[in-house]
Every structure is written in C-alpha cells, then in structure tokens.
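The values are calculated or read from the model by the stated rules, or taken from the named source; none is laboratory data. In this text the structure is predicted, and so the values were computed from the model without any measurement. Positions of Cβ are backbone-derived with ideal geometry, glycine not excepted, and every protein chain shown enters the neighbour counts.
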Amino acid sequence: GAGVSQTPSNKVTEKGKYVELRCDPISGHTALYWYRQSLGQGPEFLIYFQGTGAADDSGLPNDRFFAVRPEGSVSTLKIQRTERGDSAVYLCASSSWDRANYGYTFGSGTRLTVV
Amino acid sequence: DAKTTQPPSMDCAEGRAANLPCNHSTISGNEYVYWYRQIHSQGPQYIIHGLKNNETNEMASLIITEDRKSSTLILPHATLRDTAVYYCIVGYKLSFGAGTTVTVRA
C-alpha cells in the first residue's frame, strides 16, 4: 500500500478484556516497529521485527503484551487482560531493510481506551 | 541506543528560519540521527536523517557537528503548518524523548 495502515483507528474495551491491534506495513518493508504513546509524551518503543522474527522485544512492558508477524508482513499487537493504564495511542512504523537510505514511515495509530 | 537532549519549546516567526538543536553526546559511530515531527493526533512524520555529512531535502536541512555529538535541524522558511513537536532520535529503536514543541507565529 501507499502507507502504513493501522486498524482499528479507535478501540474502546472493558478492563480485563483481550484486544488485537493490526498493522499493515508498506509493501516490501522488512522492518516493523510498535510504539505506545501516552498523552503529552513521546512515543515509547515496544518491539521491533526484522522479517518474521522479533529482533528486539525489550520495550514490551509485561507478559500481557505480545506481538506477531507470521508472514513477515502484517503484524498484530495483542494485549491480554487489559488495564486502564494500557490506554494510549499504539503506533506502528515500517522501514526498508536499507535504513541507511530510507527513514521509517509511521501509521496514524490506534487509540485504545480501556474503561 | 543513545539518548538525546532537546529544548522543550521554541517560538519562531512565520517566514523565518527555525533552528532546532539536539545533543546526542553518547552516539555510537554507526548510529544515524533521525528527525521526526508530530502534529496533534497524527503519527510521527519523517523529516530527514543523516550519519556524518550534512543533509538537505525539500523539507529541511540537517547539520551534524564533526564529532557527531550534536546536530541542528533547520526549517528554512517556517510556516504556520510547521507548528508541531519535533523529535531528534538516534539509533534503530527510535527512542523518542519529549521533543521540542515548535510554535510558528504569524
């Protein structure tokens, strides 16, 4: 596609429920990143995929958070037993393998609200 | 990834150049410097990046000091639409700090 697509754009869920957030990267981009942005703060790194594998998941806050990218394209961020503190905008970004020549392109994010 | 330091806010007059400083004194030799901006309720937008040499594109110029410990983003002719939070980031993880809130005034 022309850009990074994230769905849904907004998600409201009840505390304790399970949610899935989807990211469609730019076609051909091998690197994919997930970030979380709370109100008034900069994006916080969560996880980075190179192809199908999670090259760095050091930013995932706890074991309730999990992300997959089974075919090296679309990625899903999964949050179990959601808490009110999980409310934030979840951003996805992708880049070509050649980061030397290309920047990272971000999607518009999914705004998650846990009530 | 190296951390960066930016001033929290900056005002700029419309039509004038905006010079945004960033310190990244712990940058490693192979880490790129990236600049992004974020307009309210949108995802971060890529502006420019560089390794050692100064870079220029249609949006901005990036000046990196010889020791690579700091850089400056230059918006040559600021417009009201350039009002945003500007982030200076180094390394592949794109560890965002608080950024600089730039307000362009008419």
From the option list B:Ser70, B:Ser28, B:Ser41, single residue qualifying as surrounded by fewer than 19 Cβ atoms within 10 Å (Cβ to Cβ) and on the phi > 0 side of the Ramachandran plot is B:Ser41
Of the residues in region B:37-64, those that are under 16 Å from A:Arg36 (Cα atoms) and within 10 Å of another protein chain (Cβ to nearest Cβ) come to B:Gln38, B:Ser41, B:Gln42, B:Gly43, B:Pro44, B:Gln45
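Among the candidates A:Ser87, A:Ser73, which residue alone is away from every other protein chain (no Cβ under 14 Å) and at pLDDT 95 or above?
That would be A:Ser87, the only listed residue that is away from every other protein chain (no Cβ under 14 Å) and at pLDDT 95 or above.
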Q) Looking at this structure, is A:Ser94 part of a loop (DSSP other than H, G, I, E, B), under 13 Å from the mean Cα position of the chain (by Cα) and within 12 Å of chain B (Cβ to nearest Cβ)? A) no
Log entry, pairs with first residue in region A:19-35 being more than 14 Å from A:Ala54 (Cβ to Cβ), second being surrounded by fewer than 16 Cβ atoms within 10 Å (Cβ to Cβ) and aliphatic (A, V, I, L, M), beta carbons closer than 9 Å, six or more apart or on different chains, reads A:Arg22/A:Val74; A:Asp24/A:Val74; A:Pro25/A:Val74; A:Ile26/A:Ala2
Given (1) away from chain B (no Cβ under 14 Å); (2) charged (D, E, K, R); (3) in contact with a Lys or Arg (Cβ under 7 Å, 6 or more places away or on another chain), A:Glu44 misses just (1)
